[in-house]
Amino acid sequence: MRHLKKTLLVFMTSTTMLLTACNASFFEAKNKEEVEEAANMQEAEVEEEKTEAEQEYALTAEMLNIIETEDGVNYIQNPENIQVLVNKDHSLPIGYRPADLVIPDVKFSFEEKHEKKLMRKEAAEALKLMFNAALEEGVEIVAVSGFRSFERQQQVYTASVETSGAEHAQQAVAEPGKSEHQTGLTMDVSSIENSYKLDQNFGEVEAGKWLADHCSEYGFIIRYPEGKENITGYMYEPWHIRYVGEDVAKDIYSLGLSFEEYVQLVEE
């Protein structure tokens, strides 16, 4: 009997030690697994943050203006860049004319042949897609004025100064060389419900509202948005759309920025 008790005691002691060792190994493995899992999660979060930072803006440094200053004027050296920023501070080369101008296959507010029907090929194709998408939803938008040469812009600006004065002209019409129309990436648009006029009422009609909500899906932005006049230097123009490419346009739309503000974010 004493021998049996001794054997039982040895067995229980061994079992207890084995269980203790197993439990220790189990908890050690579990802790190791939890540590590894936490490390993996942290690494994944870092990678995600890195990816988000890298993809924060569609516009990259390579897309920004290359500038050379001459006689106090900042001349853009890469005007063919789809994301070129043309404004009162950045001028296109005198006489610049895009090499890929075409007439977009869309409805215009006039029939006669004119250079203002022209757009750069990529922008013209996007314009057609956008107009067709609007039509599918029962909204008709028409093109009014696209490309404008340096010489033509000079005539328009001079006429505006003579009619309304220099101060008003500065807010409504770009100086020669500083007009987006010369890039071939811009089109002024309207609709029959707005009598084909280019005025701020266009922003209140169905076509203008549709354009503001959907133009970014096709690579366009409302270039001179309401409330950004002190930044863009021009009055609100709901009819003036500018092609910058889909990714950049969606960025600008989602952030609620003007083109100038968006470029500044990228530069910073």
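I want to check the label-to-label distance for Leu129 and Gln154. Put each point 7 Å from Cα in the C-beta direction and report it in nm to one decimal.
Label at Leu129, label at Gln154, 3.7 nm between them.
What's the extension gain from Glu137 to Gln264 if we count 0.36 nm per residue and subtract their Cα-Cα distance?
Answer, rounded to one decimal: 42.2 nm.
Using alpha carbons only, how many angstrom separate the centre of the stretch 180-211 from the centre of the stretch 69-89?
26 Å
Contour minus end-to-end for Ile231 and Ser164, with contour as 0.36 nm per residue of separation and end-to-end as the Cα-Cα distance?
Here the answer is 21.9 nm.
I'd like to compare 255-263, 66-74: which one has the highest average count of other Cβ atoms within 10 Å, and what's the full order after that?
Going by the mean number of other Cβ atoms within 10 Å, highest first, we get 255-263, 66-74.
Expected output is a single nm value to one decimal: the length gained when fully extending between Ile94 and Glu112, i.e. 0.36 nm times separation in residues minus the C-alpha distance. What is it?
Here the segment from Ile94 to Glu112 would lengthen by 3.7 nm.
Neighbouring Cβ atoms within 10 Å as the yardstick, rank Ser190, Ser149 fewest first.
By the 10 Å Cβ count, ascending: Ser149, Ser190.
Ranking Ile241, Ile141, Ile221, Ile94 by Cβ neighbours within 10 Å, fewest first, what do you get?
Neighbour counts put them in this order, fewest first: Ile94, Ile221, Ile141, Ile241.
Filter the GluC sites (Glu not before Pro) in the stretch 91-164 down to the DSSP loop ones having no more than 10 other Cβ atoms within 10 Å, then list what survives.
Those that pass, being in a loop and sparsely packed, are Glu111, Glu112, Glu137.
Throughout, read-outs are computed from the coordinates displayed, never taken from laboratory work. Not measured: the values here are computed from a predicted model. When we count neighbours, we look across all protein chains shown, and the Cβ atoms used for this are built from the backbone with ideal geometry, even at glycine.
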